[in-house]
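The values are calculated or read from the model by the stated rules, or taken from the named source; none is laboratory data. Given the structure is predicted, the values throughout are model-derived calculations rather than measurements. In this analysis, Cβ positions are derived from the backbone assuming ideal geometry, glycine residues included, and neighbour counts consider all displayed protein chains. Accessible surface is based on the protein model in full, side chains and every heavy atom, while ligands, DNA and RNA are left aside. Shrake-Rupley method; radii C 1.70, N 1.55, O 1.52, S 1.80 Å.
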Amino acid sequence: MPVMRTIFLQSLPASISPSSNCVAVKFSVSCCSAASLVTVVNGNVDKKPLERNEVRLGLPSKGRMATDTLDLLKDCQLSVRQVNPRQYVAEIPQLSNLEVWFQRPKDIVRKLVSGDLDLGIVGLDTINEYGQGNEDLILVHDALDYGDCRLSLAIPQYGIFENVNSLKELAEMPQWTTERPLRVATGFTYLGPKFMKENGMRYVTFSTADGALEAAPAMGIADAIVDLVSSGTTLRENNLKEIEGGVILESQAVLVASRRSLIQRKGVLDITHEMLERLEAHLMAVGQFTVTANMRGSSADEVAERVLGQPSLSGLQGPTVSPVFRKRDGRVVADYYAIVICVPKKALYKSVQQLRAIGGSGVLVSPLTYIFDEETPRWRQLLSNLGL
Ligand SMILES: Nc1ncnc2c1ncn2[C@@H]1O[C@H](COP(=O)(O)OP(=O)(O)OP(=O)(O)O)[C@@H](O)[C@H]1O
Ligand SMILES: O=P(O)(O)OC[C@H]1O[C@H](OP(=O)(O)OP(=O)(O)O)[C@H](O)[C@@H]1O
Ligand SMILES: [Mg+2]
């Protein structure tokens, strides 16, 4: 009879040496989860995801992505209902059968890979770093429009680096040898070395820290750093600079899914579709205003021609032109037309000027909540990616 033992990984140390019948089982604790079950059969580890019917979405529990993520979902009418802030599980009432789990961003990626989460919202940098190119991870929406930053190589502005302004120049510095390599401090211990290798940097070593990496060069611990940059203030304040060719990755928040879950777990594809539609519709709308104006004209065609003659007034699919009926001398006439267009927020003032120039008056501007297009290109892309 095989000797069978069932152990919840959650309660285990990083390596275990079970007695008599089992050989030592080593695993990385970080890749395991409370919901995973390991069955040890005479030394063979058989890892099965615990049977579950709920679809699971991982959201950042803390850090700068946390509130922005909840705000975005709220704007999509997908408010997350959390009983209390210390509880890590929550729900979105509009999406039945969905569990929201609050996790650290890196753990969201790990748990997608291990099959303990089906969907997640995190920064692209975290997916690339902790997913390490795993093909099970699939980007559903790659531009959620917040958490913008870049992963970049930075070097001191002073000393031997004063005149070094590109990756090529850095690589060609005679200082770097096997005995004295370029020392890079980074929290990105997968992407950092990969980038340096791909860019032909031969003499490099890496050290790691969890934060405040910008201090490492001034402390004499490193020559360069690989870290996230957004405004560039932290680099500047620490006398560091980015260099040409040194951007490793442009990142922002994304919606990511497990390919296995999308294909195999009931309900994941439907929830993904609904989330994607709402996100797309909202994100498309936030950049636009609806503009309504009245315009004198002899016919709808003539008014439309005038509107389309202006570069900023073509709208999403051209203007809607409708007659405005009035009673004049006892007769119903339509000598005014109402036009409705969507204009990008950035082009609002230019559009108003162009409307006035062609006789527009009474210009009303209102915010847009959603723009639901026929079918989102990202959905079609996802289905084709899944081979469906
Ligand atoms: N300066 C920044 N500006 C904008 N977005 C950033 C910036 N730094 C990080 N991000 C984005 O926010 C994500 C989370 O960063 P944050 O530092 O808040 O994580 P965290 O949960 O505190 O994790 P850790 O404690 O390991 O750093 C990053 O992965 C990145 O996508
Ligand atoms: O270009 P900036 O706008 O200055 O932002 C960059 C800084 O933001 C992040 O640090 P964070 O604030 O998360 O602190 P940490 O170093 O403790 O992670 C990142 O690690 C940089 O240090
Ligand atoms: Mg941080």
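Details
- Hits in segment 111-137 - residues which are farther than 19 Å from Leu70 by Cβ, touching a Lys or Arg at 6+ places or on another chain (Cβ under 7 Å) and not acidic (Asp, Glu): Gly115, Tyr130
- Here Gly297 meets the list (1) under 22 Å from Arg356 (Cα atoms); (2) surrounded by fewer than 21 Cβ atoms within 10 Å (Cβ to Cβ); (3) not hydrophobic (A, V, I, L, M, F, W, C) almost entirely, failing just condition (2).
- Restricting attention to segment 278-317, the residues that are among the polar types (S, T, N, Q), modelled with pLDDT of 90 or more and touching a helix residue (DSSP H, G or I) at 6+ places or on another chain (Cβ under 7 Å) add up to 1.
- Qualifying residue in segment 182-191 (condition: surrounded by 18 or more Cβ atoms within 10 Å (Cβ to Cβ) and more than 24 Å from Asn238 (Cβ to Cβ)): no
- Meets criteria (modelled with pLDDT of 50 or more, within 30 Å of Met284 (Cα to Cα) and touching a Lys or Arg at 6+ places or on another chain (Cβ under 9 Å)) for Arg81: no
- Residues that are within 14 Å of ligand 3 (Cβ to nearest atom) and either out of contact with any Asp or Glu (no Cβ under 9 Å at 6 or more places or on another chain) or of a type in the set (A, V, I, L, M, F, W, C) (or both) within segment 227-240 comprise Leu228, Val229, listed in sequence order.
- Every residue from segment 83-126 that is β-branched (Val, Ile, Thr), away from ligand 2 (no atom under 16 Å from the Cβ) and open to solvent by less than 10 Å² (accessible area, probe 1.4 Å): Ile92, Val100, Ile108, Val109, Ile121
- For segment 209-223, the criterion of being within 16 Å of ligand 3 (Cβ to nearest atom), of a type outside the set (Lys, Arg), open to solvent by 50 Å² or more (accessible area, probe 1.4 Å) and over 12 Å from Asp125 (Cβ atoms) is met by at least one residue.
- Of all residues in segment 156-171, those that are aromatic (Phe, Trp, Tyr) have Cβ atoms under 6 Å from Cβ atoms of residues that are assigned to a strand (DSSP E or B) and buried (at least 18 other Cβ atoms within 10 Å of the Cβ), 6 or more apart or on another chain, in Phe161/Ile155.
- Just one of the numbered conditions (1) within 16 Å of ligand 2 (Cβ to nearest atom); (2) assigned to a loop (DSSP other than H, G, I, E, B); (3) over 22 Å from Thr69 (Cβ atoms); (4) open to solvent by 50 Å² or more (accessible area, probe 1.4 Å) is not true of Ser231: (3).
- The condition of being crowded, with 17+ Cβ neighbours inside 10 Å, of a type outside the set (Phe, Trp, Tyr) and over 30 Å from Ala218 (Cβ atoms) holds for only one of Ser261, Ser251, that being Ser261.
- Within segment 234-247, considering residues that are closer than 20 Å to Lys168 by Cα and open to solvent by less than 70 Å² (accessible area, probe 1.4 Å), the one farthest from ligand 1 (Cβ to nearest atom): Gly245
- Boolean, Thr178 is modelled with pLDDT of 95 or more, in a loop (DSSP other than H, G, I, E, B) and either of a type in the set (S, T, N, Q) or open to solvent by less than 40 Å² (accessible area, probe 1.4 Å) (or both): yes
- All positions within segment 288-317 that are without any contact (Cβ under 8 Å) to a residue 40 or more places away in the chain, part of a loop (DSSP other than H, G, I, E, B) and under 17 Å from Lys350 (Cβ atoms): Ser314, Gly315
- Segment 49-74, subset away from ligand 2 (no atom under 16 Å from the Cβ), modelled with pLDDT under 95 and of a type outside the set (A, V, I, L, M, F, W, C), residue farthest from Pro93 (Cα to Cα): Pro49
- Residue within segment 256-277 that is in contact with a strand residue (DSSP E or B) (Cβ under 8 Å, 6 or more places away or on another chain), within 13 Å of ligand 2 (Cβ to nearest atom) and at pLDDT 95 or above present: no
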